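Notes follow once the structure below has been shown.
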2 protein chains.
Amino acid sequence: MRFSLITTLLPLLALTADLTTATGPTKKQLANRSKKFSIGIVLYPGFEPLDVIGPFEIMQSLSAYYPMTISFIASKTGPISSRAPPHVMVPGQPPVDLSHLIAIDLYATHTFTTAPPLDILLIPGGMGGMVLVENNDTSIEQFITSRYNQLEYLLSVCTGSMSLARAGVLKRKRATTNKSFWPWVMQFGGKVKWVPTARWTQDGKIWTSSGVAAGMDMTYAFLSHVYGTEQLNSIMNAIEYAPHTDPSWDPFSVVWNVPGANQGGPIESCVKPAGL
Amino acid sequence: MRFSLITTLLPLLALTADLTTATGPTKKQLANRSKKFSIGIVLYPGFEPLDVIGPFEIMQSLSAYYPMTISFIASKTGPISSRAPPHVMVPGQPPVDLSHLIAIDLYATHTFTTAPPLDILLIPGGMGGMVLVENNDTSIEQFITSRYNQLEYLLSVCTGSMSLARAGVLKRKRATTNKSFWPWVMQFGGKVKWVPTARWTQDGKIWTSSGVAAGMDMTYAFLSHVYGTEQLNSIMNAIEYAPHTDPSWDPFSVVWNVPGANQGGPIESCVKPAGL
């Protein structure tokens, strides 16, 4: 497709938008546009910055049009560093020291005890997850379990699905994770239907994405599901992100030699502005 | 190209890596791998979160291999919100109130006065830039001017190039910006060689990217230039981001009707894992 076609396409797109309005958005999507969603994002030392800010960027932009609130939730309020403390990554090996990494702080507004009622909860991944496991820290898993029934949606990015598996909410559900950490995540939640080749998965109210940047593609698909695409597509084009829209596009599952990965899928993904 | 080819390709890639090591990386790139780069990122109320964290995500991952330090620099230290204060966007129109937007805080570690010597300075975009202009706040531009000669590289993401233009460092240089804010940015720096269709630009030591997400593609190209791709490509595949590598891929310039935009370029960008 060539730019010269776009001038021809744009009126069609406008028409499509009209048709969409006529045949959809669904009643649920229309209702969601005026519902004030309470969103919670969990933080812990060593969270992956883009796991949080990739999805948040799209949510913040959309909050100009649809009402929502955000809570950043951790064991304690205040600054939480994206640098994980030293930790044993491989049993028997010396601890991995990450003190030479540059890092950011994000601010936790609530604790697991003081967090408000939530409609949407997102669990990011990150090296810090290994430290929590090493220390037998299950505070995130306990929080997920305590809030699960009240949640309308539960999302994870990257290795965040490890906490969903540990919490037991992924039993008999499809889920995925960062393909470069696949063997590590597989030790959790044997009853999970892990999908080796997936940019993201949806099973009921649970959405899980592959590694880091895949969280942005899952978030585009998730917000399209919740609100429809009218405002969302103009936002994606304003932040100039052309999302991957095929959940089965996952060449990284092959790059990282994930057992059972689909070797036959396309290695390339032709991306273009949202709505075109 | 199909996954089934990758198993064939991977040895070739390893070989390519060897050859790269033989014919390149350059002496400069090898020297850079042991040089401790001092990186500064400017913050201000209403910065765009992904303008900062997109590039930072890649830098933090690379800091596990190559030494670097990071400073977040603003008018005052402490938390800086991604929500811009109410401001007049169009002269004569009532102020735009963004108080309903969800937001994050990032922590400024230094002020424009206390910032350490810097090798690399990155200026993010965001709605807050309009407030600075409205208030005739030139603190960022003064900081850029005062540090410009000592900088090895000056980067901007999205509307951050507005501050470079206001500072006067873009005179007779190629630069770009967010295509949905093109008319607003064009009022600054008439002597700038603005490039209407560009995912990013490089002119001497100045790198500028198009809107928000384009900062990640510029950062991949920039870090490839500084360090070479051996470690960088494995990092891109670990964070599962397939970067756009063609600086002339910019369908958003057409979507937003930028005057002089290349109407003939491809609307689709076939992306694939770095190095494949």
Notebook entry, point to check: Looking at B:Pro117, is it more than 10 Å from chain A (Cβ to nearest Cβ) and either modelled with pLDDT under 95 or open to solvent by 20 Å² or more (accessible area, probe 1.4 Å) (or both)?
Noted result: yes
Checklist line | Failed item in (1) within 30 Å of A:Ile58 (Cα to Cα); (2) more than 10 Å from every other protein chain (Cβ to nearest Cβ); (3) hydroxyl-bearing (Ser, Thr, Tyr), with B:Ser71 passing the rest | finding: (2)
Margin query: On the basis of being within 11 Å of chain B (Cβ to nearest Cβ), within 24 Å of B:Glu57 (Cβ to Cβ) and in contact with a Gly (Cβ under 8 Å, 6 or more places away or on another chain), does A:Pro79 make the cut?
Written below: no
Note to self: Return the residues of segment A:71-97 that are aliphatic (A, V, I, L, M) and surrounded by 20 or more Cβ atoms within 10 Å (Cβ to Cβ); say none if nothing qualifies.
What the structure shows: A:Ile73, A:Ala74, A:Ile80, A:Ala84
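Yes/no matrix, rows are residues, columns are (1) closer than 24 Å to A:Leu118 by Cβ; (2) hydrophobic (A, V, I, L, M, F, W, C):
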| residue | (1), (2) |
| --- | --- |
| A:Leu151 | yes, yes |
| A:Gly160 | yes, no |
| A:Ala165 | yes, yes |
| A:Lys171 | yes, no |
| A:Pro183 | no, no |
Check: Failed condition for A:Thr176, given (1) at pLDDT 95 or above; (2) touching a Ser or Thr at 6+ places or on another chain (Cβ under 9 Å); (3) open to solvent by 20 Å² or more (accessible area, probe 1.4 Å), with all others met?
Finding: (3)
Next item on the list: Could you grab me the full set of residues in segment B:120-151 that are within 14 Å of chain A (Cβ to nearest Cβ) and touching a Leu at 6+ places or on another chain (Cβ under 8 Å)?
Entry: B:Ile120, B:Leu122, B:Pro124, B:Met127
Notebook entry, point to check: Would you say B:Gly189 is in contact (Cβ under 8 Å) with a residue 24 or more places away in the chain, under 15 Å from B:Ala74 (Cα atoms) and surrounded by 18 or more Cβ atoms within 10 Å (Cβ to Cβ)?
Noted result: no
Next item on the list: Can you work out which of the residues in segment A:217-271 that are touching a strand residue (DSSP E or B) at 6+ places or on another chain (Cβ under 7 Å) and in contact (Cβ under 8 Å) with a residue 60 or more places away in the chain is farthest from the other protein chains (Cβ to nearest Cβ)?
Entry: A:Phe222
Next item on the list: Output the residues belonging to segment A:22-80 that are in contact with a helix residue (DSSP H, G or I) (Cβ under 8 Å, 6 or more places away or on another chain), in a helix (DSSP H, G or I) and without any contact (Cβ under 8 Å) to a residue 40 or more places away in the chain.
Entry: A:Ile53, A:Phe56, A:Gln60
Notebook entry, point to check: Is it true that B:Pro196 is more than 10 Å from chain A (Cβ to nearest Cβ) and open to solvent by 10 Å² or more (accessible area, probe 1.4 Å)?
Noted result: yes
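The values are calculated or read from the model by the stated rules, or taken from the named source; none is laboratory data. Model, not experiment: these values are computed from the prediction. Every residue, glycine as well, gets a Cβ built from its backbone with ideal geometry; the counts of neighbours run over all protein chains shown. Ligands, DNA and RNA are excluded from the accessible area calculation, which covers all protein heavy atoms including side chains. Shrake-Rupley method; radii C 1.70, N 1.55, O 1.52, S 1.80 Å.
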